[in-house]
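These notes are about the structure you will find just below.
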Amino acid sequence: MLKVAQIQLEPLLGDCRANNSKIKSFLDQSLDADLIVLPELANSGYNFTDRDHAFDVASGSECINYVNFLTEYAQENNVYIVSGYLEKVKDILYNSSIFVTPGGDSGNYRKIHLFMDEKSIFEPGNIGLSVFDIKDYKMGMLICFDYLFPEIWRILALKGADMVVHPSNLITDNAYKAVPAQSLINGYYVITTNRTGTEGDITFCGKSFITDKRGNVISSMNQFDEGINFTEIYPLLSRNKMITAGNHVLADRRPECYSDLCD
Ligand code: ACM
């Protein structure tokens, strides 16, 4: 069993100092969990005016230190954490997720499928898809709009993911339909932690949720409130991929019929 805490919050656009302090306060209240999952771009906010704006925010020391802060926090408090964050590598920006562990290890994911104005701010992810160890379980990471692209969810299933964590800044209702389907189709849990609030002309949908391997929503939050949602999940259940007595969601695939997908 893995106890998950989803922290649904409203970051302040561009104010990494305020966001880090709010995140620390929520983390302190989540320590009953094994795994804590925060939204996309939790430390920076989302709706940047343009790339220069995002670059300025990413260049501030509070933003740069975020991953170190989480790394130390996970070690000191014996907890696993996943958070979306604004990543800057030299003069390139990525919309990324970091995974930090009690043992001081970390894993990174860079959002592969960029949404609307993100295309003029971030480079698309270039480090592929990995599955990370968390206790006895395997965890994949995706970010928000990645929900629409079944290929990457399947790759994570084929790599052995028992669950996928999915930090988000959802703006439409599409993910509430697509994510349960990806859970069912791949036979694993999905933990979608979304944000709340409004930035300029964008209002975020909140309603963070968790789905099980049958696509059932087993836990959900409301649209507007910041808060923490604790849910117990059983990732080993994801290892039984039988969907009927005679059908296995991975073994019944026919890759020899799918070659058009590679175009
Ligand atoms: C999104 O990818 N933030 C909608």
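Within region 125-144, which residues are within 16 Å of the ligand (Cβ to nearest atom) and under 25 Å from ALA33 (Cβ atoms)?
Residues of region 125-144 within 16 Å of the ligand (Cβ to nearest atom): 125, 141-144.
The answer is MET141, LEU142, ILE143, CYS144.
ILE7 meets the conditions (1) more than 19 Å from ILE171 (Cα to Cα); (2) more than 16 Å from the ligand (Cβ to nearest atom); (3) aliphatic (A, V, I, L, M) in every case but one. The failed one is (1).
Quick check on region 162-186: of everything there that is surrounded by 24 or more Cβ atoms within 10 Å (Cβ to Cβ) and under 18 Å from LEU237 (Cβ atoms), which residue is farthest from the ligand (Cβ to nearest atom)? Out of the qualifying residues, it is ASP162. Within region 236-263, being among the aliphatic types (A, V, I, L, M), open to solvent by 80 Å² or more (accessible area, probe 1.4 Å) and at pLDDT 95 or above holds for LEU236, LEU237, ALA245.
Residues that are open to solvent by 40 Å² or more (accessible area, probe 1.4 Å), within 22 Å of THR203 (Cα to Cα) and of a type in the set (Lys, Arg) do not occur anywhere in region 154-161. Scanning region 190-203 for residues that are within 17 Å of ILE81 (Cα to Cα) and part of a strand (DSSP E or B) yields a total of 4.
The rows are residues; the columns are (1) open to solvent by less than 10 Å² (accessible area, probe 1.4 Å); (2) within 16 Å of the ligand (Cβ to nearest atom); (3) in a helix (DSSP H, G or I).
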| site | (1), (2), (3) |
| --- | --- |
| LEU13 | no, yes, no |
| ASN20 | no, no, yes |
| SER25 | no, no, yes |
| LEU41 | yes, yes, no |
| GLY45 | yes, yes, no |
| THR49 | no, no, no |
| ASP52 | no, no, yes |
| VAL57 | no, no, yes |
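For region 71-124, give me each residue that is touching a helix residue (DSSP H, G or I) at 6+ places or on another chain (Cβ under 7 Å), within 14 Å of the ligand (Cβ to nearest atom), part of a strand (DSSP E or B) and open to solvent by less than 10 Å² (accessible area, probe 1.4 Å). LEU86, ASN95, listed by residue number. Residue-level analysis places ASP133 outside the set of residues that are in a helix (DSSP H, G or I) and open to solvent by 60 Å² or more (accessible area, probe 1.4 Å).
Taking first residues from region 198-223 that are on the phi > 0 side of the Ramachandran plot and free of Cβ contacts under 8 Å to residues at least 40 places away in the same chain and partners that are assigned to a loop (DSSP other than H, G, I, E, B) and open to solvent by 70 Å² or more (accessible area, probe 1.4 Å), the Cβ contacts under 7 Å between residues at least 6 apart in sequence or on separate chains come to LYS207/ASN222. With respect to the conditions (1) open to solvent by less than 50 Å² (accessible area, probe 1.4 Å); (2) in contact with a Gly (Cβ under 6 Å, 6 or more places away or on another chain), VAL37 lacks only one, and its number is (2).
The values are calculated or read from the model by the stated rules, or taken from the named source; none is laboratory data. Fair warning: this is a prediction, and the values are worked out from it, not measured in the lab. Counting neighbours? That spans all protein chains shown, and the Cβs are built from the backbone with ideal geometry, glycine included. Keep in mind that these areas ignore ligands, DNA and RNA; they rest on the heavy atoms of the full protein, side chains included. Shrake-Rupley method; radii C 1.70, N 1.55, O 1.52, S 1.80 Å.
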